[in-house]
Amino acid sequence: MQKTEYIWLDGKFVKWDEAKIHVLSYTLHYGLGAFEGIRVYKCGENLGGIFCLKWHVQRLFDSARIVGIRIPFKMEEIENAITETVRVNKVLSGYIRPIVFIGEGEMGLYAYNNPVHVAIAVWPWGTYLGEEGLRNGVRVKISSIQRHHPNSSFTKAKICGYYVNSVLAKKEAKEGAYDEAVLLDTEGFVSEGAGENIFIVKNNIVKTPLAYSILPGITRRVTMMILEELGIECREDRITRDELYLADEAFLTGTAAEITPIREVDGIKIGDGSFPITRKIQGKYFDITQGKDEKYLHLIEFVKM
Ligand SMILES: Cc1ncc(COP(=O)(O)O)c(C=O)c1O
């Protein structure tokens with residue numbers, strides 16, 4: 001990770017190395033905290049564009065609300081803080097990580113009176129699953145780790161502790177020499193990647209899992225907008241593992257992974273490897289994120305540096 005100069009912490013900028021917390025912080029022990037992952041794209045000379053800032057901040061507040069964390073800032077204050085963090089660090093192209101966490105005080109499980117903190121960091125960052133993966137597709141493995149059941153973890157929330165599930169799935173995939181894991185839900189249907197949503201294409205129709213056990217991804221939402229604009233039918237439905245194997249195309253969507261084709265699942269090649277629809281969506285997604293498509297400019301918060 002490439003360090004930047006400042007981190008926003010509870011309303012003030014502190015030096016990167018001085019943004020520290022107490023070892024008895026509640027979130028460190030129990031994982032109850034919420035976070036986001038946002039990208040800023042270079043949209044011009046000295047012009048960054050934060051992609052879907054409002055949607056990410058809304059999801060951060062939704063995540064906190066689902067688990068009963070009261071964020072001591074208004075949404076607009078967090079939006080401004082994110083924009084300022086990008087500006088002061090002069091990151092034209094990178095990743096932004098806001099996190100809401102609970103500090104020290106009570107150490108029992110019920111400690112809703114402990115202070116709630118917010119931190120925002122940004123750093124320059126390239127592709128998540130690699131340039132080669134973006135171009136030619138990644139190899140994924142169906143994980144032995146299941147995606148959370150929506151009644152054991154509230155899957156619409158992006159909660160710190162929930163990510164142990166994704167970390168274990170990712171570890172299994174990487175140590176088995178795959179690029180990414182795909183998790184099934186507790187009923188055995190395809191759910192999502194360790195940090196991405198998933199789509200398949202069969203006979204020119206696109207399918208993506210219903211929003212039951214998945215994180216409602218912002219890139220998923222943008223992908224659906226693109227599909228609508230392209231006049232390609234997109235269905236939200238259950239997807240079986242063998243349907244994924246037999247897809248003409250499959251791809252992952254996420255702020256970090258962007259639009260990444262899947263070239264192989266469990267050693268089975270997907271389609272003929274040409275991914276025409278995925279490539280169309282990918283091309284459009286990059287035009288949109290870099291501010292080259294007028295119709296989507298409202299999704300970008302421009303930051304002059
Ligand atoms: C588990 C999981 N699913 C899906 C996504 C994709 O969401 P988004 O497109 O909002 O980044 C992410 C990334 O945040 C994730 O962690």
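Neighbours of Ala81, meaning other residues whose beta-carbon lies under 14 angstrom from its beta-carbon, give a summed charge of -2 when Lys and Arg score +1 and Asp and Glu score -1.
The residue among Ile262, Ile214, Tyr245 whose Cα reaches farthest toward the positive pole of the charge dipole of segment 203-281, with charges on the beta-carbon of Lys, Arg, Asp and Glu, is Ile214. The listed residues Cys52, Cys43 rank as Cys43, Cys52 when sorted by accessible area, largest first, using a 1.4 Å probe.
In segment 105-223, inverting the average of 1/r over every pair of distinct C-alpha atoms gives 16.4 Å as the Kirkwood radius.
Rounded to the nearest 20 Debye, what is the dipole magnitude of segment 131-289 about its Cα centre when Lys and Arg each give +1 and Asp and Glu each give -1 at the C-beta? Don't skip to the end; give the middle numbers.
Details: 21 positive and 24 negative charges, 55 e Å.
Taking the Cα centre of segment 131-289 as origin, the dipole is about 260 debye.
Computed from backbone phi with θ = phi - 60° and the Karplus coefficients 6.51, -1.76 and 1.60, the 3J(HN,Hα) list for segment 285-302 is 4, 5, 5, 5, 5, 8, x, 9, 10, 3, 5, 10, 4, 5, 8, 10, 9, 6 Hz; x is used for glycine and proline.
When segment 1-74 is described by a simple charge dipole with +1 on each Lys and Arg Cβ and -1 on each Asp and Glu Cβ, the residue from Phe35, Ala19, Gly68 located farthest towards its positive end is Gly68.
What is the local net charge at Arg139, summed over the other residues whose Cβ is closer than 12 Å to its Cβ (Lys, Arg +1; Asp, Glu -1)?
Summing Lys/Arg as +1 and Asp/Glu as -1 gives -1.
The amide H of Glu104, built 1.01 Å from its N in the peptide plane, has Tyr26 as neighbours under 5 Å, considering only residues 5 or more places off or on other chains. Segment 84-160 and segment 202-253 have Cα centres separated by 23 Å.
Show me the ranking of peptides 10-22, 82-94 by mean Cβ neighbours inside 10 Å, starting with the highest.
82-94, 10-22
Checking the Cα-Cα distances for Lys12/Lys304; Lys15/Lys158; Lys158/Lys284; Lys174/Lys202; Lys12/Lys158; Lys15/Lys280 against a 30 Å cut-off, the pairs over it are Lys15/Lys280. DSSP assigns beta bridges within the chain; of those with both partners inside it, close to 85 percent run antiparallel. Think of each Lys and Arg Cβ as +1 and each Asp and Glu Cβ as -1; about the Cα centre, that makes the dipole of segment 1-136 roughly 180 debye. Taking all protein chains into account, the per residue accessible area for segment 169-277 stands at 40 Å² (1.4 Å probe). Relative contact order, whole percent, for the chain stands at 21, derived from Cα pairs under 8 Å and 6 or more residues apart.
The values are calculated or read from the model by the stated rules, or taken from the named source; none is laboratory data. Here the structure is a predicted model, which is why all the values come from computation and not from measurement. As a convention, Cβ positions derive from the backbone with ideal geometry for all residues, glycine included, and neighbour counts pool all protein chains shown. Ligands, DNA and RNA are excluded from the accessible area calculation, which covers all protein heavy atoms including side chains. Shrake-Rupley method; radii C 1.70, N 1.55, O 1.52, S 1.80 Å.
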